[in-house]
Amino acid sequence: AQKVTQAQTEISVVEKEDVTLDCVYETRDTTYYLFWYKQPPSGELVFLIRRNSFDEQNEISGRYSWNFQKSTSSFNFTITASQVVDSAVYFCALSARGSTLGRLYFGRGTQLTVWP
Amino acid sequence: EAGVTQFPSHSVIEKGQTVTLRCDPISGHDNLYWYRRVMGKEIKFLLHFVKESKQDESGMPNNRFLAERTGGTYSTLKVQPAELEDSGVYFCASSRQGGTGSDEQFFGPGTRLTVL
């Protein structure tokens, strides 16, 4: 079975602070994909990143960075120097091969609020 | 390129009534997914179309839910009769290739359904 856990329900920070959103996943598949999506107040989910299970390299994109560690089954997301526009709900998701191919398994999301 | 669109954005109905949600995927995307988020919980998979065929409908909660994708273009999700527990946000997503599980899914803004 596939499962994604985002233990942080809500996080509040002040602008310019760094913040890390945690994501822990469970799967028995050896080939799987991890995603992060952002849901701004407008409602749609915006794709941020995809990682496959064979690529543990960390990734940096501007102020965003992702730390993938298979040893701890974690795929954490860090925002450096946060801004008010980063306020949103962030979802971590998993897609695995096998019978559940294609569908995404989501965590419950983390509501991030960045105060000016 | 237009994104995934969903109609209506909000729907308020009484228990026992019927509601039909519509999703227009991105043009050229063969894969169409429906998901649902009940308040405070994770986004859960409902079903997956490849063109007009149902690839996986194992997430459909019961036979009160009927999804169709005539001609492999837009899709409808009908709930009949609606129950209180059907309230939530229904998301539609599309992707060009769903066969590997790695494809980015593009999400619509969702339809917020409230059953009174």
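The values are calculated or read from the model by the stated rules, or taken from the named source; none is laboratory data. Nothing here was measured: the structure is a model prediction, and the numbers come from that model. Ideal geometry is used to build each Cβ from the backbone, glycine not excepted, and the neighbour counts take in all protein chains shown. Keep in mind that these areas ignore ligands, DNA and RNA; they rest on the heavy atoms of the full protein, side chains included. Shrake-Rupley method; radii C 1.70, N 1.55, O 1.52, S 1.80 Å.
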Out of (1) facing chain B (nearest Cβ under 10 Å); (2) surrounded by fewer than 21 Cβ atoms within 10 Å (Cβ to Cβ), the one A:Leu45 does not meet is (2)
Counted residues, the stretch B:24-49 - those being part of a strand (DSSP E or B) and not polar (S, T, N, Q): 14
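Hey, could you check the stretch A:72-116 for residues that are assigned to a strand (DSSP E or B) and open to solvent by 50 Å² or more (accessible area, probe 1.4 Å) and say which is farthest from A:Phe54 (Cα to Cα)? So that I can check it myself, show each step before the final result.
First pass over the stretch A:72-116, keeping only residues assigned to a strand (DSSP E or B): A:74-79, A:88-96, A:105-106, A:110-115.
Now narrow it down to the ones that are open to solvent by 50 Å² or more (accessible area, probe 1.4 Å): A:111, A:115.
On the way: A:Gln111: 29, A:Trp115: 37 Å.
Among them, the one singled out is A:Trp115.
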Qualifying positions in the stretch B:1-23 - of a type outside the set (A, V, I, L, M) and assigned to a loop (DSSP other than H, G, I, E, B): B:Glu1, B:Gly3, B:Pro8, B:Ser9, B:Glu14, B:Lys15, B:Gly16, B:Gln17, B:Thr18
All positions within the stretch A:61-102 that are within 13 Å of another protein chain (Cβ to nearest Cβ) and in contact with a Leu (Cβ under 9 Å, 6 or more places away or on another chain): A:Val89, A:Tyr90, A:Phe91, A:Cys92, A:Ala93, A:Leu94, A:Ser95
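Out of the residues in the stretch B:31-68 that are among the aromatic types (Phe, Trp, Tyr) and in contact (Cβ under 8 Å) with a residue 24 or more places away in the chain, state the one that is farthest from A:Gly43 (Cα to Cα). Before the answer, list the steps.
Start the filter on the stretch B:31-68 by keeping residues that are among the aromatic types (Phe, Trp, Tyr), which leaves B:33-35, B:45, B:49, B:65.
From what is left, the residues that are in contact (Cβ under 8 Å) with a residue 24 or more places away in the chain are B:33-35, B:49.
Details: B:Tyr33: 17, B:Trp34: 15, B:Tyr35: 14, B:Phe49: 23 Å.
The extreme case among them is B:Phe49.
Has the stretch A:18-25 got any residue that is part of a loop (DSSP other than H, G, I, E, B) and over 15 Å from A:Phe91 (Cβ atoms)? Explain how you work it out, then say what you get.
First, pick out the residues of the stretch A:18-25 that are part of a loop (DSSP other than H, G, I, E, B): A:18, A:22-23.
Pick out the ones that are also over 15 Å from A:Phe91 (Cβ atoms) and you get A:18.
Yes - at least one qualifying residue is present in the stretch A:18-25.
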